[in-house]
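**Q** Here it is, the structure, as structure tokens.
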Amino acid sequence: MKLGANVSIAKTGLLCAVEESVAYRADTYMIYTRSNRGGPARAIETFNRDEARALMLEHGLSDPVVHLSYLVNLASPKTETFEYGVSVLAEEIKRVEYLGFSYIVMHPGSHVGTGTDAALRRIAEGLDAVLSGTENLFLCLETMAGDGSKVGNQLEEIAELMTLVKHREKLGVCIDTCHNYSAGYDIVHDFDGFLQRFDEIIGLPLLKVAHINDSKHPLGARKDRHANVGRGTLGVEALRRIVHHPVLAEVPQILETPGGHYAHEILLLRNETDELPPDAPSGEES
Ligand code: FE
Ligand code: ZN
Ligand code: FE
């Protein structure tokens, strides 16, 4: 099992992200390399990459993930928003290649009124503008909850998007337990059934990253509100079954839960405690 959390680069870049992950006794981790409030990105050369890598090696951390800014919306019908997304994504790929990571997770996008089909074509157009086929990483499309006008909540939409992209060999998929449950997949009672559908529709080798979150809302609610492990509608037993599933053994599994209780939640998921973390209000966890 490769379990970790969404950690901060605020102080010393990658180095503090790894230090935080070591403190959680994590196996992997995820970062955002830039603020989700916008503005210019901090120079990637200031991230203390080499020291961070040495610390990862020392503590057995592997397969780190970058989450793309969620200000990027390649499905937008607005030219300005679309072009901003294309330029941020292109820049992010270079930054992540510098760090040496293999995975970028991105939200497919929100159609804001144009409908799913137009959105999928627009996203593919954006990805085609960026991907050359020479990238040293997988761009992983995250499965969404179906809130607002977001696309990619159904596995068929992700599959269709992938077929529209020229360099689809550079694409992967990130599942998210909160989103999938909220989109109507009953992964609490039948995670195997979900994986079987994933395999039929997309193909299991393309499942590259998993976000592990409990949910504040019931099955099929189409709401994206993450809850602490065991404090939501999925519950600790279902989430334990998922993280220990052999299909996910080599997949980086990342907590994006509220309140900063990652160390506790990692112990809980590893069956090293049965005590639940506090029930924190959910914020922007993505
Ligand atoms: Fe989310
Ligand atoms: Zn996300
Ligand atoms: Fe997520």
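The values are calculated or read from the model by the stated rules, or taken from the named source; none is laboratory data. All values reported here derive from a predicted model rather than from experimental measurement. Positions of Cβ are backbone-derived with ideal geometry, glycine not excepted, and every protein chain shown enters the neighbour counts. Remember, those area values only see protein heavy atoms, side chains included, never the ligands or the DNA or RNA. Shrake-Rupley method; radii C 1.70, N 1.55, O 1.52, S 1.80 Å.
**Q** Based on Cα coordinates alone, diagonalise the gyration tensor for segment 166-286, multiply each eigenvalue by 5, take square roots, and list the semi-axes in whole Å, largest first.
**A** 23, 15, 14
**Q** Taking a quarter of the surface of the convex hull around the Cα atoms of segment 67-144, what do you get in nm²?
**A** Convex hull of Cα atoms, orientation-averaged projection: 4.8 nm².
**Q** Which whole-angstrom value gives the distance between the alpha carbon centres of segment 18-64 and segment 205-233?
**A** 24 Å
**Q** Would you work out what percent of the accessible area of the chain, with all protein chains in place, is carbon or sulfur (probe 1.4 Å)?
**A** Ligands and nucleic acids excluded, carbon and sulfur reach 50 percent.
**Q** Are there cysteines in the chain with no other Cys C-beta under 4.7 Å, and if so, which?
**A** For the chain, the answer is Cys16, Cys178, because their Cβ atoms have no other cysteine Cβ under 4.7 Å.
**Q** Once amide H atoms are built 1.01 Å from N in the peptide plane, which residues 5 or more positions from Ala227, or in another chain, come under 5 Å H to H?
**A** Amide H to amide H, under 5 Å and 5 or more residues apart or across chains, Ala227 pairs with Asp214, Ser215, Lys216.
**Q** Which ³J(HN,Hα) values in Hz, rounded to whole numbers, follow from the phi angles of segment 251-260 under the Karplus curve 6.51 cos²θ - 1.76 cosθ + 1.60, where θ = phi - 60° and Gly and Pro get x?
**A** In residue order, the calculated couplings are 8, x, 10, 10, 6, 10, 9, x, x, x Hz.
**Q** Need one number: convex hull volume per residue for segment 221-286, Cα atoms only, in Å³.
**A** Here the figure is 100 Å³ per residue.
**Q** Per residue, what accessible area does segment 1-142 have, given a 1.4 Å probe and all protein chains present, in Å²?
**A** 43 Å²
**Q** So, one more: Explain nothing, just the number: dipole magnitude of segment 149-286 about its Cα centre with +1 on each Lys and Arg Cβ and -1 on each Asp and Glu Cβ, in debye rounded to the nearest 20.
**A** Its charge dipole is roughly 340 debye.
**Q** Another one. Give the average over all directions of the projected area of the C-alpha convex hull of the chain, one decimal, in nm².
**A** 13.4 nm²
**Q** OK, next. Once the Cα gyration tensor of segment 67-214 is found, what semi-axes does its equivalent ellipsoid get, as square roots of 5 times the eigenvalues, in whole Å, sorted largest first?
**A** Working through the eigenvalues yields semi-axes of 23, 18, 14 Å.
**Q** Report ³J(HN,Hα) in whole Hz for each residue of segment 271-279, in order, from the Karplus equation J = 6.51 cos²θ - 1.76 cosθ + 1.60 where θ = phi - 60°; Gly and Pro get x.
**A** Each residue's phi maps through the Karplus curve to give 6, 9, 8, 10, 6, 7, x, x, 9 Hz.
**Q** Shape of segment 1-61 from its Cα gyration tensor (a ≥ b ≥ c, root eigenvalues): rounded if a/c is under 1.5, otherwise prolate when a/b > b/c, or oblate?
**A** Oblate.
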